[in-house]
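Below is one structure, written out as structure tokens; comments come after it.
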Amino acid sequence: MAVSGWFVALVALGAVPVIAGGGWLALAVWLGVCVVLAVLDLVLAGSPRALRLERDLPGRMRLGESVAATLLVTNTGRRTVRGVLRDAWTPSAGASPTRRRLAVPRGERRAVTITLTPFRRGERRAAHVTVRSFGPLRLTARQATLAAPGAVRVLPPFHSRKHLPSRLARLRELDGRTSVMIRGQGTEFDSLREYVRGDDVRSIDWRATARRRDPLVPSALKLVVRTWRPERDRRVVLIVDSGRTAAARIADEPRIDTAFESGLLLAALASRAGDRVDLAIWDRRMRGRVQGQTGAELLARMVDTMAPVEPELIEADWTGVPGVVRSITSQRALVVLLTSVDAPGASTGLLSVLPQLTQKHLVVVASVTDPEVLDATRQRGDRHEVYRAAAAERALLDANRVAAAIRRLGAEVVTAAPADLPPALADRYLALKAAGRL
């Protein structure tokens, strides 16, 4: 049972007869009347336990979007239920409003709509609904908490997709590059075409030119050039580190979310280029895996796999990564390790397994950097800022030492701020394609 403000005000009115000279007897009579009215109001209130609840929820949504969550309330009791309903979503679901007025006559159904605007990805859940049903006098109410489980999967936002059109345009340009400029392990002959102004003269195919003469001017030759394209059906393996370092927030975004954004953009670009992309999320066990998917199904499976994964506060076991890569492919592949390269001590495990990977695969290590650390090196106005700048310089030197060690072991390093890492990784992929290394 719950009492309302109206009941408190009614009891407070008992001070009037006392002040008017009625004495304590009048006050006792007044309190008795209040109790009788409260009990009568409680008896006449509809039972909240007679309500049947059903949820109509979207299965998935992207982080940053808003969706409507509908709760269907059916009254199976004998009296009308009038009161307040509170839908208890987790705070990160961003439910608004959390309380709604409710009036459901007997045998009827009402829909209560709440807007969800989550600010964290993953499974956002609701377990219970609390209903407070008031009587006709609105003095007292019956209250019950009813089970109404529901969940919405919040997918990564994929903000980096805005960089995809420009990278696809560069990929199309790359398909028309000349053989001399990109001759190497990763090129395939595409076609022959007529020479146009701006083509490299070294791409002219003189044998094909000799076979093609202009019928109007037999003495003139039409120059023919060769066009080359990057090899297709290459393998790209994305390994996302979900250990303790992935939980750090940089620019108000967890490192693992930046890794997901980078992986999604690279997967979208590589699949358009005709390459096969596989994903593994790893710390000391497999947290998520996507393999054998292509096209639109690839990105759909990737975001669905990434959504519920949260970093584990444990050190990643890098000794298991070569085995993960072998279980995905036995061919030469581009292996992208999305992790951190901050401190030499924390990167020991990564450095120890790199020779096993670089022996057969092309390895790229991608890491997000903190722009605040770079800003701290420029601020030296007082003693506090000088010490802070010295610590920032030390952190940058440590990161550079780790990056240099990775390069000595035969891998490449891509580091950038959270907003810049996805396009930087995509540019490195295009550069490897253009150089014929993939």
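Here are some notes:
- For segment 29-80, no strands (runs of 3 or more DSSP E) sit wholly inside it while including 1 or more residues that are without any contact (Cβ under 8 Å) to a residue 12 or more places away in the chain, in the same structural domain as Gly94 (by TED's automatic domain parsing) and loosely packed, with under 15 Cβ neighbours inside 10 Å.
- Tally of residues being basic (Lys, Arg) and surrounded by 13 or more Cβ atoms within 10 Å (Cβ to Cβ) across segment 357-391: 3
- Just one of the listed residues (Ala307, Ala270, Ala280, Ala259) is among the small types (Gly, Ala, Ser), touching a Gly at 6+ places or on another chain (Cβ under 7 Å) and surrounded by 15 or more Cβ atoms within 10 Å (Cβ to Cβ), and it is Ala307.
- Once segment 239-284 is narrowed to residues that are closer than 21 Å to Arg167 by Cβ and without any contact (Cβ under 8 Å) to a residue 40 or more places away in the chain, the residue that is farthest from the chain's Cα centre (by Cα) is Ser271.
- Taking helices (runs of 4 or more DSSP H) as the structural unit, those lying wholly within segment 148-263 and holding at least 1 residues that are touching a helix residue (DSSP H, G or I) at 6+ places or on another chain (Cβ under 8 Å), modelled with pLDDT of 70 or more and not assigned by TED's automatic domain parsing to the domain that holds Pro311 correspond to 164-175.
- Check on Pro97, of a type outside the set (A, V, I, L, M), farther than 18 Å from Leu146 by Cα and over 20 Å from the mean Cα position of the chain (by Cα): yes
- Residue that is farthest from Arg249 (Cα to Cα) [pool: residues in segment 96-140 that are among the small types (Gly, Ala, Ser), buried (at least 21 other Cβ atoms within 10 Å of the Cβ) and modelled with pLDDT of 90 or more]: Ser133
- When segment 416-431 is filtered for residues that are in contact (Cβ under 8 Å) with a residue 40 or more places away in the chain, surrounded by fewer than 18 Cβ atoms within 10 Å (Cβ to Cβ) and over 17 Å from Arg161 (Cβ atoms), only Ala417 remains.
- Ala296 vs. criteria surrounded by 14 or more Cβ atoms within 10 Å (Cβ to Cβ) and outside any loop (DSSP other than H, G, I, E, B): no
The values are calculated or read from the model by the stated rules, or taken from the named source; none is laboratory data. Keep in mind that what you see is a predicted model, and the values were worked out from it rather than measured. All Cβ positions, even for glycine, are placed from backbone atoms using ideal geometry, and neighbour counts span all protein chains on display.
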